[in-house]
């Protein structure tokens with residue numbers, strides 16, 4: 001839960017709207033979503049009706065024209081839905097695949113793809129990672145070659161959330177192999193195009209979302225589907241990554257909050273050696289340490305949000321926060337798992353699911369090592 005009250009009645013009302021949606025339509029179906037193994041597209045339509053899918057986007061395209069403080073509330077409340085797979089699939093659509101389209105897309109592209117995405121009629125996915133290029137985005141090989149008024153795309157992407165559900169992709173492809181990272185371009189690729197296919201991957205967690213490998217074999221899309229400038233895709237994607245990382249860390253802290261609360265409830269009920277687990281000093285110390293780490297993580301998230309609302313460059317702070325929150329989530333999940341004992345190893349236990357699901361936080365969206373590499377360069381630690 002937030003440590004400070006919402007700044008305005010409008011923020012509080014929006015939180016109640018999202019909380020009601022989560023408690024009524026997401027949380028009760030958490031295990032059902034896991035069994036289905038993919039995002040329920042009806043959720044996007046419902047969220048579109050409630051105005052949740054374009055919070056920071058222009059009203060001209062159906063967005064709400066709000067700031068990052070509202071996106072943070074949405075991420076917090078979704079984080080309490082007890083299913084990181086589902087909420088990640090939603091966040092991919094709201095804050096990972098559509099920001100570049102809103103920032104850099106042409107009027108035609110926004111009308112054709114952003115408007116239905118905000119309504120929830122289209123589901124989107126971000127297609128960057130490849131079998132040989134993950135956090136090192138500059139190493140991607142998927143090619144888009146111009147042929148008249150079309151791009152012809154060949155290559156593969158992997159670990160793509162919403163792989164089976166997406167109606168269109170925000171694809172990063174190489175358009176000029178001789179130009180390095182300055183030869184990449186973002187392109188909208190509808191998934192109904194001939195030559196496009198996917199296969200789902202067998203994950204150890206995040207069961208509620210569909211994650212897969214994408215294949216492009218002479219896939220043709222109009223050159224007019226280019227997002228922004230040809231050759232500026234890498235830079236545009238780096239900006240889009242900041243949206244992805246912050247919405248993920250905000251939601252992750254809220255998820256761990258709920259895990260901590262359930263662990264405390266378990267410890268108070270669990271009888272051991274003539275007392276309860278919660279009355280043992282070791283348990284209390286572990287819970288205090290987790291709570292302290294979560295509060296520190298929350299404050300870092302809030303600092304990032306405040307900076308963005310103020311119009312400041314938060315790139316360095318978001319990178320630090322992404323690094324820190326990923327590690328905190330792993331620690332909290334491990335401690336809560338341990339306090340649950342054997343029950344923590346069961347799928348029905350949130351502690352067991354969290355132990356697996358939180359692990360990806362230090363890999364997805366840029367690994368810990370990538371964050372540290374960037375921050376070391378930013379801080380000029382080598383003296384250059």
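None of the figures in this text is laboratory data; all of them are computed from the coordinates on show. Just so we're clear, the structure is a prediction, and the values are computed from it rather than from any experiment. Cβ placement follows ideal geometry from the backbone for every residue including glycine, while neighbour counts extend to all protein chains displayed.
Descriptive notes on the structure:
- Antiparallel DSSP beta bridges within the chain, percent to nearest 5: 85 percent
- Histogrammed with a bin width of 5 Å, the alpha carbon distances of the stretch 9-119 distribute as 2, 12, 23, 25, 18, 12, 6, 2, 0 percent, first bin at zero.
- Length released on extending from residue 310 to residue 25, taking residue separation times 0.36 nm less the Cα-Cα span: 99.3 nm
- Over the stretch 57-107 - Rg/Rh using Cα atoms and the Kirkwood inverse-distance radius: 1.02
- When all alpha carbon pairs of the stretch 305-384 are counted in 5 Å bins from zero, the resulting P(r) reads 3, 15, 18, 15, 15, 12, 9, 7, 4, 1, 0 %.
- Build a GNM of the chain with springs between Cα atoms under 10 Å apart, and of 96, 300, 238 the one that fluctuates most is 238.
- Fraction of alpha-carbon pairs over 36 Å apart in the chain - percent: 22 percent
- Between residue 141 and residue 103, the simple label model (points 7 Å from Cα in the Cβ direction) yields a spacing of 2.8 nm.
- Order by protection proxy (mean Cβ within 10 Å, highest first), peptides 344-355, 4-15, 69-80: 69-80, 344-355, 4-15
- Mean separation of Cα contacts under 8 Å, 6 or more apart, over the residue count of the stretch 68-188: relative contact order %: 21 percent
- Packing-based order for 52-61, 118-127, using average beta carbon neighbours within 10 Å, highest first: 118-127, 52-61
- Three-way shape call for the stretch 111-189 based on the alpha-carbon gyration tensor, with the a/c threshold at 1.5: oblate
- The ranking of 196, 285 by Cβ neighbour count inside 10 Å, starting from the fewest, reads 285, 196.
- Candidates 267, 254, 179, ranked by Gaussian network fluctuation over the chain, Cα under 10 Å, top entry: 179
- Structure remark: mean-square fluctuation, Gaussian network model of the chain, C-alpha springs under 10 Å; the largest value among 62, 342, 105 belongs to 342.
- With the gyration tensor restricted to C-alpha atoms of the stretch 235-378, the semi-axes of the equivalent ellipsoid amount to 33, 15, 12 Å, longest first.
- For peptides 314-320, 98-104, sequence by mean Cβ density within 10 Å, most packed first: 98-104, 314-320
- Distance from the Cα centroid of the stretch 240-308 to that of the stretch 175-212 is 33 Å (rounded to whole angstrom).
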